[in-house]
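The values are calculated or read from the model by the stated rules, or taken from the named source; none is laboratory data. Just so we're clear, the structure is a prediction, and the values are computed from it rather than from any experiment. Positions of Cβ are generated from backbone atoms using ideal geometry, with glycine treated the same way; all protein chains shown enter the neighbour counts.
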Amino acid sequence: MENKAETAKRLFLSGANCSQAVIGAFQPECGIDFDTAMRIASGFGGGMGRLREVCGAVSGMFMAAGLLRGSSDLRDKAAKDAHYALIQELAEAFRRENGSIVCRELLGLGAAQADRPVSEARTPEYYRKRPCAELVAFAAGLLEEKLKERLRAESGVGQ
């Protein structure tokens, strides 16, 4: 059975954008169908529509975390604060391991500017020059581990 990192990498190598790959790895647990997961995340690839802002793998990780651990009670400040703490913890761990959470920085593209809104062909050269397959695997693995840690803490296992 694939772990979430392997699933995310497989999805990316099958044509999913970074955000789709990560949320797609968690789609069964998120309670949404695969098509819905892909549509929700479709605009977040390439650092949000190839704007090269927040990495799509990070955005997908945050979306999955929201579906799995977020709150829908608009008045529950404690739940909102706890969720923001989880998001910041995920972001910091991703940044610590990869140097940034910003797409253009991860790709070494330099100055802030949007890229052409045309996706690149998925060729062997494309995969060789990009760290994205490893980044989606890292993001999915990180979220999987953080969720397991939270479950252990909540159940009192290992304390």
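Can you confirm whether segment 43-61 contains a residue that is under 20 Å from K148 (Cβ atoms), at pLDDT below 95 and out of contact with any helix residue (DSSP H, G or I) (no Cβ under 8 Å at 6 or more places or on another chain)? No, segment 43-61 has no match at all. Scanning segment 9-19 for residues that are within 12 Å of M61 (Cβ to Cβ) and not small (G, A, S) gives a single hit, C18. Across segment 65-75, the qualifying residues are those that are within 14 Å of the chain's Cα centre (by Cα) and surrounded by fewer than 18 Cβ atoms within 10 Å (Cβ to Cβ), and the one among them that is nearest to L106 (Cα to Cα) is G66. Pairing residues of segment 129-158 that are in contact (Cβ under 8 Å) with a residue 60 or more places away in the chain with residues that are loosely packed, with under 12 Cβ neighbours inside 10 Å, at Cβ distances under 9 Å and at least 6 apart in sequence or on separate chains, gives F138/E97; L142/E97. Summed over segment 108-139, the residues that are under 18 Å from G15 (Cβ atoms) and loosely packed, with under 10 Cβ neighbours inside 10 Å give a count of 6. Scan segment 5-40 for residues that are within 21 Å of K146 (Cα to Cα) and within 11 Å of the chain's Cα centre (by Cα) and the total you get is 11. Quick check: is even one residue across segment 49-64 assigned to a helix (DSSP H, G or I), touching a residue at least 12 places away in the same chain (Cβ under 8 Å), out of contact with any Ser or Thr (no Cβ under 7 Å at 6 or more places or on another chain) and surrounded by fewer than 19 Cβ atoms within 10 Å (Cβ to Cβ)? For segment 49-64, residues assigned to a helix (DSSP H, G or I), touching a residue at least 12 places away in the same chain (Cβ under 8 Å), out of contact with any Ser or Thr (no Cβ under 7 Å at 6 or more places or on another chain) and surrounded by fewer than 19 Cβ atoms within 10 Å (Cβ to Cβ): absent. M38 falls short on exactly one of the conditions (1) more than 19 Å from F12 (Cα to Cα); (2) assigned to a helix (DSSP H, G or I), and that condition is (1). For S100, the conditions (1) surrounded by fewer than 15 Cβ atoms within 10 Å (Cβ to Cβ); (2) farther than 20 Å from N17 by Cβ; (3) in contact with a Leu (Cβ under 6 Å, 6 or more places away or on another chain) all hold with the exception of (2).
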